[in-house]
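In what follows, a structure is listed as structure tokens, so that the remarks can point back to it.
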Amino acid sequence: MIDGLYLENLKCFEKLRLPLSFLTLLTGFNAAGKSTAIQSLLLLAQFLRQGSAQKRLPLNGPLVRLGSPGDVLGEAGGTNLSLGVSENGISAAWVLGPDKDRAGHVLSLEQIKWSVLEEVGVWNCSDSMPLTGLCAGDSPEKVKELVSQLKNIIFISAMRTIVTDVYPYPDTPDPVWADVGTTGEYAAWWFAEMLDEDIDAARVHPDEPSLMLRRQFNAWAGELFPGAEANAQRIAGTGLVKLELRNHQADTWRRPANIGYGYSYAFPIIVAGLLAKKGQILIIDSPEAHLHPMAQSKIGRFLAAVSASGVQVLIETHSDHVLNGVRLAVRDGIMPPSDVAVHFFNPRPRGKGDPAHVVALRFDKTGNLSEWPIGFFDQAENDLAALSGWFER
């Protein structure tokens, strides 16, 4: 599990050290840095997937598109930025600067700093030094394991594939396991490939004893959409998959466009959550999109169960229902409170009296939070108070 994220001179952050847990929720005000924190991991994954001989970090690629160096270098100034991660006493940080050839949409890898417990090292990435995805061929095995985790990140964005009749196969012949695509475009292919295969027993729905993916999908999807079922089949002679959905086993199968956006938006989340391997990182932006409040709470609980089975889950959310689903999972013993982290992002401080940029919140075993900062899922109470005449907005 990656237990820490370190950023320096990236967009709105001059410096940020963000503790991560098995399940981490990023919440808070718009344009406060939640997406930037996630984008740092995606930038590293995008870079490391290129292969071992690359020293340029693309700012635009399959996982994230951030524009030019001027768009990502910190607002405080400076020509370099640093992206770092840590795990159980092991850390690695990639130092990046302007590309020497002045290419418009890349940064150049200048240095990698690493530490393994008491051992500390720095690799200067000169032209003559061969790269292995870190920098030097003799990189410590534990650091390589950390790199492997980054390379195998699964990311599902808030902008998911518009419902369609057919869905594509992955572009690469050797895709990252359970990578359903940033817009969920490959979820139907994974579902069709693994339909009758068994999932990890730790993720079995309590009311469905079968380990088969199709049975487990239907059980968990039924929590969000009572009676929901899915089916997928390859279309012979093409690189396409047909996905069919229905709301009850007695109903006829329907095209996704005729079943509602919520079901289609949740589909890749459930597929990735059931198929991801222990140790993989699953990042989801806005799992609540297009979902009824009940389904938002249930998907929070589902993701807590996925995390409890060994998959590290990071969620960016504006939904108090998703948060409450996680709180209920903690209360019900699905995962211990120590395995959940919640970070609330305030606007970037401009003066001494402004609140801290990022506030870390803790759970107790009953699912209660250590504090409730101003702006932290308090709008319903504020609106009700205004409607009751307790104060004027």
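Within region 150-160, does at least one residue satisfy the condition of being free of Cβ contacts under 8 Å to residues at least 12 places away in the same chain and not in a loop (DSSP other than H, G, I, E, B)? So far as region 150-160 goes, no, none of its residues is free of Cβ contacts under 8 Å to residues at least 12 places away in the same chain and not in a loop (DSSP other than H, G, I, E, B).
Entry remark, region 263-288: residues being buried (at least 22 other Cβ atoms within 10 Å of the Cβ), among the charged types (D, E, K, R) and assigned to a strand (DSSP E or B) number 0 in total. Taking the criterion of being out of contact with any Leu (no Cβ under 8 Å at 6 or more places or on another chain) and assigned to a strand (DSSP E or B), the residues of region 221-262 that qualify are Gln233, Leu240, Val241, Lys242, Leu243, Glu244, Leu245, Arg246. In region 56-67, the qualifying residues are those that are at pLDDT below 90 and over 19 Å from Thr172 (Cβ atoms), and the one that is surrounded by the most Cβ atoms within 10 Å (Cβ to Cβ) is Leu57. One residue stands out in region 356-384 among those that are exposed (fewer than 14 other Cβ atoms within 10 Å of the Cβ) and either in a helix (DSSP H, G or I) or polar (S, T, N, Q) (or both): the one that is modelled with the highest pLDDT, namely Thr366.
Number of residues in region 322-359 that are closer than 22 Å to Ile374 by Cα, among the basic types (Lys, Arg) and touching a residue at least 24 places away in the same chain (Cβ under 8 Å): the value is 2.
Scanning region 292-311 for residues that are crowded, with 24+ Cβ neighbours inside 10 Å and not in a helix (DSSP H, G or I) yields one hit, Val311. Within region 206-220, the set of residues being in a loop (DSSP other than H, G, I, E, B), in contact (Cβ under 8 Å) with a residue 12 or more places away in the chain and either touching a strand residue (DSSP E or B) at 6+ places or on another chain (Cβ under 9 Å) or of a type in the set (Val, Ile, Thr) (or both) comprises Leu211 only. Does Glu193 meet the test of being part of a helix (DSSP H, G or I) and either under 14 Å from Leu274 (Cα atoms) or at pLDDT 95 or above (or both)? Against the criterion (part of a helix (DSSP H, G or I) and either under 14 Å from Leu274 (Cα atoms) or at pLDDT 95 or above (or both)), Glu193 qualifies. What's the total number of residues in region 182-200 that are in contact with a helix residue (DSSP H, G or I) (Cβ under 7 Å, 6 or more places away or on another chain) and in contact (Cβ under 8 Å) with a residue 60 or more places away in the chain? Total meeting the criteria: 6. Taking Arg203 as the residue in question, decide whether it is of a type in the set (Lys, Arg), within 20 Å of Ile38 (Cβ to Cβ) and either buried (at least 20 other Cβ atoms within 10 Å of the Cβ) or touching a residue at least 24 places away in the same chain (Cβ under 8 Å) (or both). No, not satisfied. Could you tell me whether region 115-138 includes any residue that is loosely packed, with under 15 Cβ neighbours inside 10 Å, small (Gly, Ala, Ser) and either in a strand (DSSP E or B) or at pLDDT 85 or above (or both)? Among the residues of region 115-138, not one is loosely packed, with under 15 Cβ neighbours inside 10 Å, small (Gly, Ala, Ser) and either in a strand (DSSP E or B) or at pLDDT 85 or above (or both), which makes the answer no. Scanning region 85-109 for residues that are over 27 Å from the mean Cα position of the chain (by Cα) and either part of a loop (DSSP other than H, G, I, E, B) or modelled with pLDDT of 85 or more (or both) gives Asp99, Lys100, Asp101, Arg102, Ala103, Gly104. What pairs come up if the first residue lies in region 372-384 and is under 14 Å from Ala32 (Cβ atoms), the second is polar (S, T, N, Q) and not in a loop (DSSP other than H, G, I, E, B), and their beta carbons are under 8 Å apart, counting only those six or more places apart or on different chains? Partner pairs satisfying both residue conditions: Phe376/Thr27. Here is the figure for region 46-63: residues that are hydrophobic (A, V, I, L, M, F, W, C) and touching a Phe, Trp or Tyr at 6+ places or on another chain (Cβ under 8 Å) total 3.
The values are calculated or read from the model by the stated rules, or taken from the named source; none is laboratory data. As the structure is a computational prediction, the values presented were derived from the model and not from experiment. Using ideal geometry, Cβ is built from the backbone for each residue, glycine included, and neighbour counts are taken over all protein chains shown.
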